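To keep things clear, I will list the structure first and then write my remarks on it.
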Amino acid sequence: MSSRARWLLGLLLVAALVTVAVNLSEWRNFASLVRQAQPLWLLAALILQLSTYLSLALSWREVLDAGDARRLSLKRLLRIALSKLFADQALPTAGMGGNVLLVDQLRAIGASKGTAMAVLLVSIRGYYAAYLVFAVASLLLLWLHGHASPLLVGVVTTFILVALAIPALALWLKERGSKPLPPLLERFGPIRQLLESVAQAPAKLMADRRLLLRVSLYNGLVFAADSLTLYTCVKALGVDLTLSTALIALVLASIVVTLGPIPFGLGSFEATGTSMLHLLGVPLEAALSGVFLFRFLTLWLPLLPGFLQLRRLAHGRARSDTR
């Protein structure tokens with residue numbers, strides 16, 4: 001494992017421990033929420049969240065199958081999906097937190113370096129393509145609801161620029177390949193290593209539009225499942241709302257977390273999601289409880305297995321490095 005990956009992994013583990021210690025009271029609050037919730041709606045929410053990990057793993061396997069002859073285990077990909085979603089939450093940084101570790105984990109289970117890098121680059125494009133569609137859809141729905149204020153339009157517009165810039169940067173890095181860097185940048189080893197790795201991604205995978213479409217659709221399923229999860233969490237508390245309300249709240253809260261630097265999006269997601277639900281007609285107490293229930297299922301519940309998977313990765317790679 002590279003020194004950069006070790007540094008990021010350590011930061012993720014520290015962020016997880018600190019966050020759990022600071023928010024132990026929220027776990028106790030969850031017990032009272034569960035007692036109020038309707039079991040069938042909670043079961044539906046759990047199933048929807050499990051489907052997000054499956055969708056992400058299947059999107060990676062699309063690229064892996066197109067690049068490597070040997071099919072990698074879906075079980076292993078699911079483990080990586082769990083740790084990546086955890087890493088993305090711990091270090092949001094425009095949704096890029098887990099990407100530093102993704103290539104290393106894929107290579108550890110048998111993917112070639114070029115194909116693993118292609119998984120990263122195609123996934124970035126597919127993720128932001130799906131995210132962009134849902135952001136635009138949310139903006140249109142806000143306009144139909146009569147709540148497209150300048151502030152909300154500005155937030156979504158800022159994100160749209162980010163959603164266009166990051167995939168464009170990934171493509172530029174690939175097109176640039178291994179061309180010589182300017183003397184000033186040549187001194188920075190991590191930048192040089194990144195460009196050398198990106199250049200190894202097979203051109204045929206990067207140019208495959210049907211592959212990109214399939215990966216985008218799988219990422220779209222993740223956003224759809226998360227929106228439905230928020231919907232079922234509020235419904236579990238006996239409160240009615242529309243699917244469009246849940247989608248708007250989920251996407252706007254996710255955008256705020258994506259653009260912000262706060263680990264796990266603590267506070268920013270809850271505040272934005274609750275405000276949007278209440279703005280669109282959900283009673284304030286139900287909105288806050290529904291968002292908290294959603295956060296438990298999407299963040300706190302996977303926290304321990306995601307943490308353990310990252311530790312397992314660190315110990316496994318440390319052993320291999322000492323051989």
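The values are calculated or read from the model by the stated rules, or taken from the named source; none is laboratory data. Owing to the predicted nature of the structure, the values given are computational and were not obtained by experimental measurement. We place every Cβ from the backbone using ideal geometry, glycine too, and count neighbours over all the protein chains shown.
Return yes when Leu169 is loosely packed, with under 13 Cβ neighbours inside 10 Å and at pLDDT 90 or above and no when it is not. Taking the combined requirement at face value, the residue does not satisfy it. List every residue pair whose Cβ atoms sit under 9 Å apart, with the two residues 6 or more apart in sequence or on different chains, where the first one lies in the stretch 101-118 and is touching a residue at least 60 places away in the same chain (Cβ under 8 Å) and surrounded by 23 or more Cβ atoms within 10 Å (Cβ to Cβ) and the second, anywhere, is of a type in the set (Val, Ile, Thr) and in a loop (DSSP other than H, G, I, E, B). Close Cβ pairs (under 9 Å, with a partner that is of a type in the set (Val, Ile, Thr) and in a loop (DSSP other than H, G, I, E, B)) do not exist here.
For the structure I just gave you, tell me whether Ala236 is in contact with a Phe, Trp or Tyr (Cβ under 8 Å, 6 or more places away or on another chain), more than 14 Å from Leu121 (Cα to Cα) and in contact (Cβ under 8 Å) with a residue 12 or more places away in the chain.
yes
At least 1 residues being modelled with pLDDT of 95 or more and farther than 20 Å from Glu270 by Cβ is the threshold, and among the helices (runs of 4 or more DSSP H) wholly inside the stretch 173-258 those reaching it are 209-236.
Checked against (1) modelled with pLDDT of 90 or more; (2) under 21 Å from Val257 (Cα atoms), Trp143 passes all but condition (2). For Arg61, state whether it is assigned to a helix (DSSP H, G or I), at pLDDT 80 or above and either touching a Pro at 6+ places or on another chain (Cβ under 8 Å) or under 24 Å from Asp208 (Cα atoms) (or both). Criteria met by Arg61.
From the list Gly273, Gly306, which one is surrounded by 23 or more Cβ atoms within 10 Å (Cβ to Cβ) and modelled with pLDDT of 90 or more? Among Gly273, Gly306, only Gly273 is surrounded by 23 or more Cβ atoms within 10 Å (Cβ to Cβ) and modelled with pLDDT of 90 or more.
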